[in-house]
Amino acid sequence: MIPPYVHEQMAVHGDEETRRNALAALAVDTTVRAERLIADLTARSVAAQATAHRERRVHTADNTAELPGTLVRSEGDPPSEDPAVDEAYDGLGSTFDLMQDVFGRNSLDDAGMPLLGTVHYQKKYNNAAWDGVQMIFGDGDGQYFNRFTAAVDVIGHELAHGITTHESDLLYLYQSGALNEHFSDVIGAMVKQYVAVPRQTAADADWIIGAGLFTSAVNGVGLRSMKAPGTAFDDDVLGKDPQPNHMSRFVHTLDDNGGVHINSGIPNRAFYLAAIGLGGFSWDRAGRIWYAAMRDPELRRLRWIAQFKDFARLTIKHATALYGPAEQSVVADAWQQVGITPEVTRPVGALADAWMLHYSWGCTDPYAQTTLMFHDDGSFTGELSGRWHQQDGTLLLSFDAGSARYAGTLAGDVATGVMSTFDGADGCWRLTRKGATGIVGN
Ligand SMILES: [Zn+2]
């Protein structure tokens, strides 16, 4: 929830205790992020149930790093009188309700997965996180941060990481990671507007993520602003909100998994503009469009190279499919305003032809050859069949049979790559246009 940048600023500008606490948080966060990456890659999941019902379990770590800790409130139990426990319980329920009522989704995996949370994680831990299996909430240091259960959008945000894992599974790095963060802010903002009494329209909402997390010692209104990225806080100790609000201010960095919490400001503002442009409640149309884009099989195929403009294109596609040309133009215009102009029509023709695939397991076995016929509709056929996607010189092939996927670069009549499987053996491959000269089919 909190990018490393803020902890780093606190480590530099805070007093001795703040500094120690910030460094400890950085160490914990790195561990949690690594665990999430591993959980994503191995698709670890807790036991699922098929019928739709809320199944919440809130634990306490009693200020240790024990997970999940001691179970303190299960579904249907009365309030515990510990505000952190009860806020976590209510926030998990509100997020479940939005998913169920608006999207017809049965929990994070759409198969009734229980919602697990642990409060009082570590001592004065300034963060909340989704570790791939459950939610974790810190108490905050009390000096700069309040307890992290206090903001319902933070709970919605973290749980939405679980939805993403089960849908597109966008890798938590660079632009695909920023889209992952972005979708979590979209769900978080919608949960906040949905549980507000009365419910808030897009025009009435403040679009601040994490309002109430800062103590009065901090000069800021929350962690992020979807309406005006970069303006949520400007503080002597925490630094200034680093989010860009336009593609022209995109931040190139290796920190924060390649700026996942930073550049998410760009699509965040696009969602805000789309929700305002479409009018009414954000979940009525904008939310449904974004949810459909997140579930689009094409996004899953792109999961580790997905770019903002890919996601933009999918939202435009679903705006048209779900509603019509008026909604399509509102959504396209929203992306345009943040500097993203996706190609709405699929680029065709570059590959549509017969090609020869040369491939070798381990790059040491003799190369085998097979002819593939590429079609404009994104499929390829032949002895091996599957789907292809090509963009900015990157070519992705996924096969109908087996788990191997190939990623490489396409230049002219040759595409080459290291075979990028993800569950099987690695190898090398090359693709040459049939009849192209100068290529030895080794
Ligand atoms: Zn997040």
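Residue check: H182 meets all listed conditions (1) part of a helix (DSSP H, G or I); (2) away from the ligand (no atom under 12 Å from the Cβ) but one, namely (2). When each of G258, G222 is tested for being assigned by TED's automatic domain parsing to the domain that holds K192, within 16 Å of the ligand (Cβ to nearest atom) and under 18 Å from the mean Cα position of the chain (by Cα), the lone residue that passes is G258. Just to be sure I understand, how many residues within segment 355-374 are at pLDDT 80 or above and out of contact with any strand residue (DSSP E or B) (no Cβ under 7 Å at 6 or more places or on another chain)? Total satisfying the criteria: 0. Within segment 293-338, the set of residues being more than 23 Å from H261 (Cα to Cα), open to solvent by less than 60 Å² (accessible area, probe 1.4 Å) and either of a type in the set (K, R) or without any contact (Cβ under 8 Å) to a residue 24 or more places away in the chain (or both) comprises T320, G324, Q328, A332.
Could you please let me know if V191 is more than 10 Å from the ligand (Cβ to nearest atom) and part of a loop (DSSP other than H, G, I, E, B)? So V191 does not fit the description; no. Looking across segment 138-153, the residues that are in a helix (DSSP H, G or I) and either on the phi > 0 side of the Ramachandran plot or touching a residue at least 60 places away in the same chain (Cβ under 8 Å) (or both) come down to F148, T149, A150, V152.
All told, G265 meets the bar of being within 16 Å of the ligand (Cβ to nearest atom) and open to solvent by less than 10 Å² (accessible area, probe 1.4 Å). Taking segment 248-303 and the helices (runs of 4 or more DSSP H) fully enclosed by it, the elements with 2 or more residues that are touching a strand residue (DSSP E or B) at 6+ places or on another chain (Cβ under 8 Å) are at 265-278, 297-301. Answer yes or no: is there a residue in segment 154-170 that is part of a strand (DSSP E or B), within 15 Å of V58 (Cα to Cα), touching a Phe, Trp or Tyr at 6+ places or on another chain (Cβ under 8 Å) and within 15 Å of the ligand (Cβ to nearest atom). Scanning segment 154-170, I find no residue that is part of a strand (DSSP E or B), within 15 Å of V58 (Cα to Cα), touching a Phe, Trp or Tyr at 6+ places or on another chain (Cβ under 8 Å) and within 15 Å of the ligand (Cβ to nearest atom), so the answer is no.
The values are calculated or read from the model by the stated rules, or taken from the named source; none is laboratory data. Only a predicted model underlies this, so the values are computations on that prediction, with no experimental measurement involved. Glycine gets a Cβ as well: all are built from the backbone with ideal geometry, and neighbour counts include every protein chain shown. All accessible areas refer to the heavy atoms of the entire protein, side chains included, with ligands and DNA or RNA removed. Shrake-Rupley method; radii C 1.70, N 1.55, O 1.52, S 1.80 Å.
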